[in-house]
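Peer 1: Sharing a structure below in structure tokens format, with a few things to ask.
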């Protein structure tokens, strides 16, 4: 595969054009008003509906199930464009990568039952319940249990930082099916379930919104003897960790593309501002400190973009991409933050004014440095698995 | 020249393995020039520090003439191969300053010089018998580096050159020297003159070798009414700036390649030492304080390498590569310096011990951030040309 190539220019021009046109209808005002809704922001229903109707959210679903069968790179371009246009795909991006777990590891019946409805927008698959209050990056130690019972499982435990749970019809749930002391490998004993949220809501599941700095509709979920059917198990029991790992690489590529989109939004916005804004007799942009700050951020953005493209192309070619997906995630997180800081600094106190949209995007971008993986875990991965240093944690 | 729509079609290799034969040839040569060679060279008397044996070995293998067209007896390798050579030399712990200079000036001659100069210089470069590494462009201690005082007085047979040039690389070791000067009674524009060094040393040119922090083989050069034939001007009189600008993009890519090679040298050496050195009962690479800066540095170096691949792809396609080259140059130097410092910290006190070669390469990287295009120069170029901001200096 050493002769495989990847694009360095504007690929998927039609998606870039069409998504940008759609986003024009959802201005900063739309997003600001959503943030004002109690308890801590509201779901962008109209925006998600428009994306769904245009088919953008289902491009990664195979054609036989009603999607377009595109590679992950196409999804990345769509998400990047959404963010570059000042909108946010946070409310709906999970569908692209959680769907992959169902697609790659679900059985024929599960795929036939759900994928066409996800593609048409009839069902939302936006929630992915992994993190727990006492189990963050150390995923294999999760404590939420799914115990075998007649016809299915009983779930007990708690999840946290499950975004969009209240707005999703389906949720991927990672839960322990064998105790940690009864498995041979640390990664064994956890399973993936596709949970019907309407059923679970009636059977003891409770969703509590978390009041957070960014409007990602994130929640805590409590499970008290929640029954889920045998048919909700994805793949083989006890092998769930493996199933979500490849989905995580796709997720890292996709959310990195969002960070790239945000970074380009900040550069566009800051450059326009410093060209027109004058002080002390000249355009801000003529000041070397302003200019070098933006140039430095832009340079980091450019190479982060290339690393993300490379990781995504490796994923799409079916090649190993763990190192690149992690490195792209770290680079894009740092690049977007450099661009966000440069933009806020370029605007000065004006940037704090909500109707400039700078502060909202700046808050959003801070997420890229923590989520969905800690930068320290990325450095652990590269140190141990790329450089061959001893495990440090 | 590629237009924007074809730029979107340009792809770069997913897993670059190009010119592996060139790489292994260079590696074999470098193996004969270990750290001890370079350390000894640095301690020789001033004026005797030029790496003669190394350059001769590269010359005999055809490496020094890699870019010379077939018509002049060279292999006419593309620029990408030249960057692989430079990167490999630095990755092996050697120094390619003279190689970069030779490729830069060879390109300048190929692109801009008349047939008589090409025929005089290029065949010797191709067979390794002629060095083309000295460029006199900076003035001796001027108040303003953009002010050039060297002048060429037009005579019946050509010009008489008077003035001084500072920090000329390989002075006294290069067969030819290229000098920029104003033609007296002309306008302020600069012209490029080719000087035969052996002749000039007999006719009023003086070389004063410089003691510097790194062994850059630099010297100050003074001319007193040195005769230059009318034919020995590159291009037309007054064209120096445009000729230099064009070759400047190539120089950026070559220097970026050197920095990436340095980054890989420090990554390898830092990791190796972190695995071997045991403190507090464990290899120090186990500690995140040591491991993370190395992991971070590795990520930065490999990102910059993709940045360079993009610039080369644009250049090869005949598109404008200047912005991409500036981005790659800036981040390659940034990455090399960060990982050089991380490897320095990893080695602790032993970093200061000359036998480890860490301090020598560390000094080299810091010096490279100052020349030829300083690191800060990249930022003003990106600000002006990539972001479209006003000139800031």
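Peer 1: Per 10 Å bin, what is the whole-percent P(r) computed from every C-alpha pair distance within the stretch B:71-209?
Peer 2: 11, 37, 35, 15, 2, 0
Peer 1: Then there's this: If I fit a long axis through the Cα atoms of helix A:288-316 and take the longest principal axis of the Cα atoms of chain A, what angle between them do I get, 0 to 90°, rounded to 10?
Peer 2: Computed tilt is about 30 degrees.
Peer 1: Counting each DSSP H run of 4 or more residues in the protein assembly as shown as -39500 (n - 2.57), what helix-only mean residue ellipticity at 222 nm follows after dividing by all residues, to the nearest 500 deg cm²/dmol?
Peer 2: Helix-only estimate at 222 nm: -15500 deg cm²/dmol.
Peer 1: Among B:57-68, B:182-193, how do they line up by average Cβ neighbours within 10 Å per residue, starting with the highest?
Peer 2: Answer by packing, highest mean first, reads B:57-68, B:182-193.
Peer 1: Also, quick follow-up: Going by how many other Cβ atoms sit within 10 Å of their own, how do A:176, A:104 line up, fewest first?
Peer 2: Least to most surrounded, the residues fall as A:104, A:176.
Peer 1: Have a look at the DSSP beta bridges in chain A and tell me what percent are antiparallel, nearest 5.
Peer 2: The antiparallel proportion sits near 85 percent.
Peer 1: What is the packing order of peptides B:305-318, A:182-195, B:39-52, taking the mean over residues of other C-beta atoms within 10 Å and listing the highest first?
Peer 2: B:305-318, A:182-195, B:39-52
Peer 1: Counting only other chains, and only Cβ atoms inside 10 Å, what mean value do you get across the residues of A:314-322?
Peer 2: Mean inter-chain Cβ contacts per residue within 10 Å come to 1.
Peer 1: Quote the relative contact order of chain A in percent (integer), defining contacts as alpha-carbon pairs under 8 Å separated by 6+ residues.
Peer 2: Relative contact order here is 15 percent.
Peer 1: Take the Cα radius of gyration of the stretch B:221-328 and divide it by 2.2 N^0.38 Å, with N its residue count; two decimals is plenty. It would help to have the intermediate numbers written out before the result.
Peer 2: Working: Rg = 22.0 Å, N = 108, 2.2 N^0.38 = 13.0 Å.
The value comes to 1.69.
Peer 1: Helix A:108-120: angle to the longest alpha-carbon principal axis of chain A, degrees 0 to 90, nearest 10?
Peer 2: Computed tilt is about 30 degrees.
Peer 1: Give the shape of the stretch B:127-257 as rounded, prolate or oblate, defined through the alpha-carbon gyration tensor: a ≥ b ≥ c are the square roots of its eigenvalues, a/c under 1.5 means rounded, and otherwise the shape is prolate if a/b is larger than b/c and oblate if not.
Peer 2: The shape class here is rounded.
Peer 1: Hey, what's the Cα Rg ratio for the stretch A:50-138 versus the globular rule of thumb, 2.2 N^0.38 Å?
Peer 2: 1.14
Peer 1: Further question on the same structure: Just how many % of Cα pairs in the stretch A:1-154 lie over 27 Å apart, if you round to the nearest whole percent?
Peer 2: 37 percent
Peer 1: Once every Cα of the protein assembly as shown carries one equal point scatterer and solvent is ignored, give the base-10 log of I(q)/I(0) from the Debye formula at q = 0.05, 0.07, 0.11 Å⁻¹, two decimals.
Peer 2: With no solvent term, the Cα-only Debye profile gives -0.32, -0.59, -1.20.
Peer 1: Where does each of A:177, A:303 land when they are ranked from fewest to most other beta-carbon atoms within 10 angstrom?
Peer 2: A:177, A:303
Peer 1: Another one. Remind me, relative contact order of the stretch B:284-393 in percent, using alpha carbon pairs under 8 angstrom and six or more residues apart? Can you show the working numbers first?
Peer 2: Numbers: 101 pairs, mean separation 27.0, N = 110.
Averaging sequence separation for qualifying contacts and normalising by length gives 25 percent for the stretch B:284-393.
Peer 1: Take every residue in peptide B:310-317, count the Cβ atoms of other chains within 10 Å of its Cβ, and give the average of those counts.
Peer 2: Taking the mean over all residues of the peptide, I get 2.
Peer 1: So, one more: Using the alpha-carbon atoms, what tilt in degrees (0 to 90, nearest 10) does helix B:322-347 show relative to the longest principal axis of chain B?
Peer 2: Helix B:322-347 sits roughly 50 degrees off the main axis of chain B.
Peer 1: Take the Cα gyration tensor of chain A, multiply each eigenvalue by 5, square-root it, and list the three semi-axes largest first, rounded to whole angstrom.
Peer 2: Over the Cα atoms of chain A, the ellipsoid semi-axes are 36, 23, 21 Å.
Peer 1: Once the convex hull of the C-alpha atoms of the stretch A:132-173 is built, how many Å³ does it hold per residue, rounded to a whole number?
Peer 2: Enclosed volume per residue, from the Cα hull, is 91 Å³.
Peer 1: In peptide B:268-278, how many Cβ atoms from other protein chains are near each Cβ within 10 Å, on average?
Peer 2: Mean partner-chain Cβ count within 10 Å for B:268-278: 2.
Peer 1: Rg and Dmax in Å for the stretch B:341-380, alpha carbons only: what are they?
Peer 2: 12.6, 38
Peer 1: Taking Cα pairs under 8 Å and at least six residues apart, what relative contact order does the stretch A:120-197 come out at, in percent? Show your work: numbers first, answer last.
Peer 2: Values: 147 pairs, mean separation 26.4, N = 78.
Taking the mean separation of contacting Cα pairs over the length of the stretch A:120-197, I get 34 percent.
Peer 1: Of the listed peptides B:201-213, A:213-225, what is their order by residue-averaged count of other C-beta atoms within 10 Å, with the highest listed first? If you can, show how the numbers build up before the last one.
Peer 2: Values: B:201-213: 14.1, A:213-225: 19.5.
Top to bottom by mean Cβ count within 10 Å: A:213-225, B:201-213.
Values in this text are rule-based calculations from the coordinates and carry no lab data. Since this is a predicted model, take the numbers as computed values, not measurements. Using ideal geometry, Cβ is built from the backbone for each residue, glycine included, and neighbour counts are taken over all protein chains shown.
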